[in-house]
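Here the structure comes first, spelled out in structure tokens, and everything after it is commentary.
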Amino acid sequence: MPLTLSQLNAAPAPEALSMLDGLYEHSPWIAEAALQQRPFQSVAQLKYLLTEVLDKAGRKAQIALIRAHPELAGKAMVSQSLTAESTNEQSKAGLTNCSAEEFARLQQLNAEYNAKFGWPFILAVRGPRGTGLSRAEIIATFERRLHGHPDFELQECLRNIHRIAEIRLNDKFGLTPTLGNDVWDWQEALSEFSEPGFAEQGQLTVTYLSDAHRACAARIQGWMLACGFDSAHIDAVGNVVGRYEALANVFDTSSQDAISNNNDSYLPRQNGEYSPKTLIKPKTLLTGSHYDTVRNAGKYDGRLGIFVPMACVRELHRAGRRLPFAIEVVAFAEEEGQRFKATFLGSGALTGDFNPEWLDQLDADGISMWQAMQHAVLCPSGDKAAALQAIAALKRDPTQYMGFVEVHIEQGPVLNALNLPLGVVTAINASVRYVGEVIGTASHAGTTPMNQRQDAACAVAELALYLEQRAAQDGDSVATMGQLNVPAGSINVVPGRCSFSLDLRAPNDLQRNALEGDVLQKLEQFCTRRGVRYEIQPTMRVSAAPSAPEWQQRWEAAVTALGLPVHRLPSGAGHDAMKLHEVMPQAMLFVRGQNAGISHNPLESTTSDDMQLAVEAFAQLLEQLAGKNRS
Ligand SMILES: [Zn+2]
């Protein structure tokens with residue numbers, strides 16, 4: 001019989017401890033400490049509290065826990081002296097069936113890893129979906145992590161230990177993240193479509209209106225209809241728009257006696273008769289994210305935000321339930337700006353931001369956007385004016401919408417480091433970019449004394465270090481010099497020129513402006529002191545998109561309802577929500593990424609357990625909105 005949370009909450013301490021037996025390898029003290037915080041509101045909360053215990057236990061206890069683990073496919077496995085849990089995991093990953101070559105490679109990696117870090121390599125071999133990593137994946141991860149910094153690798157081992165404990169807990173409670181698994185599987189299935197040149201190498205690349213892109217749209221449309229959306233169509237820019245309509249009759253909730261709440265059916269109270277005065281047109285909740293990708297992308301960037309609400313609509317449809325508002329899920333056709341210079345083509349079309357000149361833009365193969373649109377049969381008449389008219393008609397009337405919410409993988413390391421599956425976005429950062437060049441004097445590296453140089457690279461280097469320090473001072477600003485070049489430099493010449501780039505971001509415009517002001521002032525100062533001059537031009541400036549407070553609070557309440565602590569963070573990356581922000585209130589929910597949150601990279605990953613929590617948080621948000629409309 002699987003364990004239940006109420007059993008665990010009610011059991012006497014020794015019994016409760018034995019219920020959590022084997023969670024952490026030879027280390028019952030972790031469960032013991034967490035159990036002191038009973039009652040648990042949810043298994044997700046218990047999982048988080050366990051991570052907190054280990055976090056507070058300090059480095060010595062953490063290393064001891066890691067050392068309590070067996071090596072992967074190591075001596076303990078061969079001599080069959082593993083714990084029952086480890087035997088199950090290692091055999092499920094097929095490690096007991098290694099070829100002689102694989103076995104030898106693993107032994108070699110074990111030895112190198114131990115020599116470098118002083119503890120065994122830990123990997124949750126059942127993987128992000130709980131079904132087991134392949135031996136090739138295990139070996140590749142092992143090889144990659146061997147190059148890590150010891151401090152990072154220590155934390156990565158602990159995160160894998162928590163993931164192992166999470167799966168063991170799921171087994172104890174008989175929990176399967178069914179909805180998360182479906183979302184995970186949809187993303188996996190969609191990643192089968194990739195462009196020629198990438199697909200052959202197992203890489204995911206889906207740029208605007210390529211054949212792979214069109215196949216994705218058709219697949220998403222089909223899934224939406226299968227999930228019970230009332231309609232799903234591909235619009236004039238290639239967005240897939242699915243709608244799940246509201247209750248047929250929705251009454252004005254501002255009128256106190258208009259509604260009686262009777263098991264989610266919204267009936268008029270006035271002697272059982274409809275009151276035409278209070279009948280209102282239901283509004284629509286807008287949500288979604290993009291399905292295009294960068295080149296050699298991860299599988300979850302954008303797509304997670306399509307499939308999480310899709311799973312919610314499917315559950316509503318299965319329950320035969322409608323809400324007092326409609327749900328519109330848009331799979332945006334273009335966000336990444338990979339094929340053409342324009343970005344946010346999908347969400348931009350909804351805000352009326354589509355420049356007709358974009359149709360003449362050429363991709364790297366000389367194909368215009370208009371030709372690509374015709375190839376994709378987005379405008380069956382083949383008439384440019386008609387196409388532009390159809391695109392203009394995509395502009396949404398904000399008064400018909402409640403707001404826009406977007407679920408997205410974090411694409412950063414913050415939630416992963418905090419052991420938190422979900423985070424609430426406070427704002428999409430303001431940003432500004434510059435390209436510049438410092439001009440000094442190229443002179444002989446041997447004959448020019450240090451106090452008589454005009455070294456352009458040193459001035460830029462000084463600025464790079466200032467950027468690092470100045471952004472860190474804000475706590476949540478970021479500043480990057482991604483390009484730093486000495487054009488035609490020589491090993492024996494003092495750099496006469498040095499070109500560089502600046503990328504500055506902060507959660508609000510004022511903070512960004514202050515950062516920018518200080519950086520430009522220092523550039524001036526450094527150059528004056530060094531007797532060099534500079535040129536600099538801004539190339540991009542985008543305002544911050546702060547979350548609408550009432551919508552941010554809804555996400556916070558949803559996270560709280562799952563028993564998880566609320567962590568607020570700004571989004572360093574741009575998102576479709578930034579575009580919708582121009583016309584309606586918006587707020588985003590972030591989902592933790594594995595592998596330190598790496599993104600725009602095939603290593604991008606998140607677990608089906610985290611996806612399950614994202615679906616549950618989205619369902620909570622829908623309940624809140626439904627509750628508000630009926631109160
Ligand atoms: Zn994205």
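The values are calculated or read from the model by the stated rules, or taken from the named source; none is laboratory data. What you see is a predicted model, and the numbers here were worked out from it, not measured in a lab. When we count neighbours, we look across all protein chains shown, and the Cβ atoms used for this are built from the backbone with ideal geometry, even at glycine. Ligands, DNA and RNA are excluded from the accessible area calculation, which covers all protein heavy atoms including side chains. Shrake-Rupley method; radii C 1.70, N 1.55, O 1.52, S 1.80 Å.
Points to keep in mind about this one:
- Cα-based equivalent ellipsoid, segment 36-112: semi-axes from gyration tensor eigenvalues, Å: 32, 16, 10
- From most to least packed by mean Cβ count within 10 Å, the peptides 228-237, 302-311 give 302-311, 228-237.
- Per-residue 3J(HN,Hα) values for segment 530-542, derived from phi via the Karplus relation 6.51 cos²θ - 1.76 cosθ + 1.60 with θ = phi - 60°, read 8, x, 10, 10, 9, 10, 8, 10, x, 10, 7, 9, 10 Hz in sequence order (x marks Gly and Pro).
- Each label point was placed 7 Å from the Cα along the Cα-to-Cβ direction; for Val493 and Gln41 their separation is 6.5 nm.
- Net lengthening on full extension, Glu101/His444 (0.36 nm per residue, minus Cα-Cα): 118.0 nm
- The H on the amide N of Gln411, modeled in the peptide plane, is under 5 Å from the matching H of Gly593, each at least 5 residues off or on a different chain.
- Listed peptides 82-90, 330-338, 118-126 appear in the order 330-338, 118-126, 82-90 once ranked by packing, highest mean of other Cβ atoms within 10 Å at the front.
- Segment 1-74 and segment 580-621 have Cα centres separated by 26 Å.
- Dipole magnitude of segment 1-114, debye to nearest 20 (Cβ charges: Lys/Arg +1, Asp/Glu -1, about Cα centre): 240 debye
- In the context of the full set of protein chains, residues of the chain present 43 Å² of accessible surface per residue (probe radius 1.4 Å, heavy atoms only).
- Under a model in which nothing but the beta-carbon of Lys, Arg (+1) and Asp, Glu (-1) is charged, the chain shows a dipole of about 700 debye around its Cα centre.
- Linear extension gain, Glu32 paired with Ala392, 0.36 nm per residue minus alpha-carbon span: 123.5 nm
- Amide H within-cut-off set for Ile428, under 5 Å, with H built and near neighbours excluded: Ala545, Ser547, Ser571
- Among Cys216, Thr141, Leu158 the positive-end extreme of the charge dipole of segment 99-221 (Cβ point charges): Leu158
- The phi torsions of segment 145-150, fed into the Karplus equation with coefficients 6.51, -1.76 and 1.60 and a -60° offset, translate into couplings of 6, 4, 8, x, 6, x Hz, rounded to whole numbers, with Gly and Pro shown as x.
- Protein accessible area in segment 469-532, 1.4 Å probe - carbon and sulfur %: 50 percent
- Couplings for segment 460-468, taken from phi via the Karplus curve 6.51 cos²θ - 1.76 cosθ + 1.60 with θ = phi - 60°, read 5, 4, 5, 5, 4, 5, 5, 3, 4 Hz in order; Gly and Pro are left as x.
- Summarising the label geometry, the points placed 7 Å from Cα in the beta-carbon direction at Thr560 and His600 lie 3.6 nm from one another.
- Remark: spin-label model distance Leu510-Asp151 equals 3.3 nm, labels positioned 7 Å along the Cα→Cβ axis.
- √(5λ) per eigenvalue of the Cα gyration tensor, the chain, largest first, Å: 41, 39, 25
- Farthest toward positive dipole pole in the chain [+1 Lys/Arg, -1 Asp/Glu at C-beta], among Leu589, Ala16, Thr178: Ala16
- Between the amide H of Thr284 and those of Ala326, Tyr401, Met402, distances stay under 5 Å, these residues lying 5 or more places away or on another chain, with hydrogens modeled in the peptide plane.
- Cα centroid separation - segment 143-162 against segment 328-382, whole Å: 42 Å
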